[in-house]
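*Asks:* First the structure, which I've put down as C-alpha cells, then a few questions once you've had a look.
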Amino acid sequence: MSTSLPSGPSPVVHHPIARAAAHLIGPRGLRNMDRLRNEVAGKVVVVTGASYGLGAATAELFARAGAQVVLAARSVEQLRQVAAGIAEKGGDAAVYQLDLTSEESVTEFADALLHDFGGVDYLVHNAGKSLRRSIHLSYDRPKDVNATSGANYVGPMRLTLALLPSMRARGNGHIVNVSTVGVMFGVVPKWGFYLSSKAAFDIWMRAVGMEARGDGVTLTTFYAGLMHTRMSAPSRWMRRLPGQTPQDAARVLARAVVEKPRTLTPIYGHPFAILAPILRFPMEPILGFVYRRLGDTEASLARAEAIRPGATRIQLAETVGSHAE
C-alpha cells in the first residue's frame, strides 16, 4: 500500500459532466466582477486561512477587485507567497500571522489590525480544521479536541468579539462564515470533532448576527458542500465526487459580500435540514454500517501508527473497517 497521501482531486472531477453537476449543486458564485469591485474597492477585507485553497483564492479575487486584503494564517512564509502573487498583479495585500488556537495570537492580530487599518469592512471566517477520524484513534490525541475547537469555534469567536465593536460603532460591516453543509445533516460517525465545533460557531454567529444587524453589521453563512482542497483530499472517495474548486467557492464568497444573503447552500442543503430530524432513527444505523465499511483516511491511520509504533498499517486498518481509503 502506498504511503503517499493525496493532495488534490481525482482528474475525473474536471470532466465536463462533473463540472456541470457541481454547477447545478451549487451554490452559484458571482458572475459580474464589476459588482464586486464596486462593493470592495478600497475597503479592508480580512481573510483567515488565506495561505492555501479557498482562502488564497478569495484573497486573490478580492485583491483584483481593488480591496485592501489582509491575509491571516499560521504559515507566514506561505502567506508571503500568496501576497507576492497578488502584488505581481497590482493588488494590495498585507500579511499577518494568526493562530486561532492561541488566545494571545488572536488578541495580537486584532489589535494590530485596528491599529494599522482603523477598522475592518469585511471579515471572512475561512480558517478551519477538518477531521474525519474514528473516536478510538483520538483516545491518546488531546490535540484533536484543542485543534478543532480552537480553529473552528473558540478562535473565530474571540476574533469576532475583538473586531465587532468597531464595526458596530461605524454602523457598517459584513461578516462571512464559511461553515459546512454537514451541520445541516444529522449526526455522522467519525466527524464528531469537526461537525460539533462547526455547529457551535454557526449557532453562536447566527445569534450574534441577529443582534448586530440592527447596527448595520450583516452576516452571511456559506454552508459549503464538497470542495476540492487540501482539507478534503485525504478522503479518497471524496476526491472522485463532483465539487467546487477553490476558485468556484471564492466567487460564492464574492456573491456573499455583494448580495449579503443570510445563507448560501448547495441545492440539497435545506431539504436535508428538514428531513434530518424526521429520518434520524432509521438513518443512524445505516450511517454507522456505511462508515464502518469505509474505514479511516490514510492520514488518520498514519498518525495512529506513529503513536503505536508496534502496530502495522494493516492491523490498524483492520481495527477501523474492512477497507482503508
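The values are calculated or read from the model by the stated rules, or taken from the named source; none is laboratory data. Remember, it's a predicted structure, so these values are computed and weren't measured experimentally. Heads up, the Cβs are rebuilt from the backbone with ideal geometry, glycines too, and the neighbour counts pull from every protein chain shown. Accessible surface is based on the protein model in full, side chains and every heavy atom, while ligands, DNA and RNA are left aside. Shrake-Rupley method; radii C 1.70, N 1.55, O 1.52, S 1.80 Å.
*Asks:* When you check V76 against the structure, is it surrounded by fewer than 24 Cβ atoms within 10 Å (Cβ to Cβ) and touching a strand residue (DSSP E or B) at 6+ places or on another chain (Cβ under 8 Å), yes or no?
*Replies:* Against the criterion (surrounded by fewer than 24 Cβ atoms within 10 Å (Cβ to Cβ) and touching a strand residue (DSSP E or B) at 6+ places or on another chain (Cβ under 8 Å)), V76 qualifies.
*Asks:* Please give the number of the condition P16 fails out of (1) closer than 26 Å to A83 by Cβ; (2) out of contact with any helix residue (DSSP H, G or I) (no Cβ under 8 Å at 6 or more places or on another chain).
*Replies:* (1)
*Asks:* Next question. Return the residues of segment 32-53 that are charged (D, E, K, R) and open to solvent by 50 Å² or more (accessible area, probe 1.4 Å); say none if nothing qualifies.
*Replies:* Within segment 32-53, D34, R35, R37, K43 meet the criteria.
*Asks:* Answer yes if at least one residue in segment 170-181 is in contact (Cβ under 8 Å) with a residue 12 or more places away in the chain, surrounded by 16 or more Cβ atoms within 10 Å (Cβ to Cβ) and under 20 Å from R280 (Cβ atoms), and no otherwise.
*Replies:* So far as segment 170-181 goes, yes, one or more of its residues are in contact (Cβ under 8 Å) with a residue 12 or more places away in the chain, surrounded by 16 or more Cβ atoms within 10 Å (Cβ to Cβ) and under 20 Å from R280 (Cβ atoms).
*Asks:* Separate question: List the pairs whose first member sits in segment 37-52 and is basic (K, R), whose second member is open to solvent by 50 Å² or more (accessible area, probe 1.4 Å), and whose Cβ atoms are under 8 Å apart, counting only residues at least 6 apart or on separate chains?
*Replies:* Every condition considered, the pairs that remain are K43/Q68.
*Asks:* Only one residue in A87, A110 is touching a Leu at 6+ places or on another chain (Cβ under 9 Å), open to solvent by less than 70 Å² (accessible area, probe 1.4 Å) and small (G, A, S), so which one is that?
*Replies:* Result: A110 is the single residue among A87, A110 that is touching a Leu at 6+ places or on another chain (Cβ under 9 Å), open to solvent by less than 70 Å² (accessible area, probe 1.4 Å) and small (G, A, S).
*Asks:* For the list (1) over 21 Å from the mean Cα position of the chain (by Cα); (2) surrounded by 15 or more Cβ atoms within 10 Å (Cβ to Cβ); (3) within 26 Å of Y223 (Cα to Cα); (4) not charged (D, E, K, R), I need the number of the one condition that I135 fails.
*Replies:* Status for I135: all satisfied but (2).
*Asks:* Cβ contacts < 6 Å: first residue at positive phi and modelled with pLDDT of 95 or more, restricted to segment 204-225; second residue among the polar types (S, T, N, Q) and surrounded by fewer than 19 Cβ atoms within 10 Å (Cβ to Cβ), any location; separation 6+ or different chain. Result?
*Replies:* G216/N172
*Asks:* For F201, all conditions in the list (1) of a type in the set (A, V, I, L, M, F, W, C); (2) closer than 28 Å to Y291 by Cβ; (3) surrounded by fewer than 20 Cβ atoms within 10 Å (Cβ to Cβ) hold save one; what is the number of the exception?
*Replies:* Going through (1) of a type in the set (A, V, I, L, M, F, W, C); (2) closer than 28 Å to Y291 by Cβ; (3) surrounded by fewer than 20 Cβ atoms within 10 Å (Cβ to Cβ) one by one, F201 breaks only (3).
*Asks:* Next up: Identify the single condition in (1) open to solvent by 40 Å² or more (accessible area, probe 1.4 Å); (2) within 29 Å of T245 (Cα to Cα); (3) in a helix (DSSP H, G or I) that H115 does not satisfy, given that it satisfies every other one.
*Replies:* Against the list (1) open to solvent by 40 Å² or more (accessible area, probe 1.4 Å); (2) within 29 Å of T245 (Cα to Cα); (3) in a helix (DSSP H, G or I), H115 comes up short only on (2).
*Asks:* When you look at R19, is it open to solvent by 70 Å² or more (accessible area, probe 1.4 Å) and modelled with pLDDT of 80 or more, yes or no?
*Replies:* Spelling it out, it is not the case that R19 is open to solvent by 70 Å² or more (accessible area, probe 1.4 Å) and modelled with pLDDT of 80 or more.
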